[in-house]
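Everything on this sheet refers to the single structure shown next.
The values are calculated or read from the model by the stated rules, or taken from the named source; none is laboratory data. Here the structure is a predicted model, which is why all the values come from computation and not from measurement. Positions of Cβ are backbone-derived with ideal geometry, glycine not excepted, and every protein chain shown enters the neighbour counts.
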Amino acid sequence: MKRNILAVGVNKDIISGITKELDSERLELNSVTSVHEALSFIKRHEIIIVILNNLLPDTGDYREFCILIRSQARISGIPIILLGENKEEISAKISVLKSGLVNDYIILPAEVEEIVARMNVFIEIRMLHEELELKNILLSKISITDELTKLHNRRYLLERLAEEIERCKRYNFSISCLLIDLDHFKRVNDKFGHQAGDEVLIELSRMLKSNIRVVDILGRYGGEEFLVILPHTNLQQLGVVAERLRDKTMSYTFLESKHQLKLTLSIGGTAFSALDKPEINKIIQIIDEQLYSAKNQGRNRVRAVAYPAEK
């Protein structure tokens, strides 16, 4: 996608020269003659840089236009290069540069190559900054995402659980948590190999996600274990969700085109409200104990208890 450069009140010969020098595959120069047209264009398009003549037909002072740009959060950081067609005192030039209203000030006449060279400095800085922001976003996402299933990972789940506990205390609503384990998963790996095991976990992830609400928080807790945080859900509602997930898994055929696997889930859970004064370590301990109980009693079942209220 091409990036937009906006020229405001710039001489046609300069526009023509800049256009010839620009990388036309990445950049597109858009020329307007007035502040009104410029503001209209900026509302409709993303701009990477503004080239501004210091003589504008519909405003007495180019500074007013620059102030409008700098005062709007969405566009305040756009680099502005001022072309000084009407020569100002050197003190005025220094003053406007110090003010931050413009990023560069080129006195005309000037070679087009110089204008483009200075433009390119700001364009490359802007693009490098955007690339760095994108990389930071991706790194942040990677740090909270399970590589195999693309669900949230354990770190994110515990952070979100802590946040939900605080929200629960503040607004006094119920929350429940499920710890889900795929029964006899080791047998899948031993019989069909780890690649097949990975495919099973990916399929299970998709199935679990499609059978919970958008507001619910699902992630891979570790190995073949998954954690679900269910805001605004009490113990009875927890049971309904857990049984639905267990039933859906029982009726699902894993690796259908290869091995026709039928698998089951064991699920441990707890529910709490602000009155219970919940603590994250205690919650994890309870759902882990309930999951162990489900396993110990024959697997393919749900075991859940209310969080023990403080006495």
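Of note:
- Qualifying residues in the stretch 226-249 (those that are under 19 Å from I284 (Cβ atoms) and surrounded by fewer than 18 Cβ atoms within 10 Å (Cβ to Cβ)) - the one nearest to the chain's Cα centre (by Cα): P231
- For V8, the test of being assigned by TED's automatic domain parsing to the domain that holds F122, buried (at least 19 other Cβ atoms within 10 Å of the Cβ), out of contact with any His (no Cβ under 6 Å at 6 or more places or on another chain) and under 20 Å from I123 (Cα atoms) is passed.
- Selection status of N86, of a type outside the set (V, I, T), within 16 Å of the chain's Cα centre (by Cα), exposed (fewer than 13 other Cβ atoms within 10 Å of the Cβ) and not assigned by TED's automatic domain parsing to the domain that holds E199: no
- Flag for Y307 being among the aromatic types (F, W, Y), at pLDDT 95 or above and either surrounded by fewer than 22 Cβ atoms within 10 Å (Cβ to Cβ) or closer than 27 Å to R170 by Cβ (or both): no
- Residues that are at pLDDT 90 or above and part of a helix (DSSP H, G or I) were ranked within the stretch 143-157; the one that is nearest to the chain's Cα centre (by Cα) is Y156.
- Residue that is nearest to K282 (Cα to Cα), among those in the stretch 157-192 that are surrounded by 13 or more Cβ atoms within 10 Å (Cβ to Cβ) and polar (S, T, N, Q): S176
- Among the residues of the stretch 22-54, those that are in contact (Cβ under 8 Å) with a residue 60 or more places away in the chain and within 15 Å of L83 (Cβ to Cβ) comprise I49, I51.
- Top-ranked residue of the stretch 53-97 - restricted to ones that are polar (S, T, N, Q) and part of a helix (DSSP H, G or I), ranked as nearest to S34 (Cα to Cα): S95
- Within this structure, L27 passes the test of being at pLDDT 85 or above, hydrophobic (A, V, I, L, M, F, W, C) and either surrounded by 18 or more Cβ atoms within 10 Å (Cβ to Cβ) or on the phi < 0 side of the Ramachandran plot (or both).
- Residue check for D61: of a type in the set (D, E), on the phi < 0 side of the Ramachandran plot and under 38 Å from the mean Cα position of the chain (by Cα): no
- The set of residues in the stretch 290-303 that are surrounded by 15 or more Cβ atoms within 10 Å (Cβ to Cβ) and more than 16 Å from L235 (Cα to Cα) comprises Y292, S293, A294, K295, N300.
- For L139, the test of being surrounded by fewer than 18 Cβ atoms within 10 Å (Cβ to Cβ), modelled with pLDDT of 90 or more and among the hydrophobic types (A, V, I, L, M, F, W, C) is failed.
- Residue ID - nearest to M207 (Cα to Cα), chosen from residues in the stretch 244-264 that are assigned to a loop (DSSP other than H, G, I, E, B) and without any contact (Cβ under 8 Å) to a residue 60 or more places away in the chain: Y252
- V102 being assigned by TED's automatic domain parsing to the domain that holds M127, modelled with pLDDT of 85 or more, surrounded by 15 or more Cβ atoms within 10 Å (Cβ to Cβ) and in a loop (DSSP other than H, G, I, E, B): yes
- Residue within the stretch 271-294 that is closer than 13 Å to L178 by Cα and in a strand (DSSP E or B) present: yes
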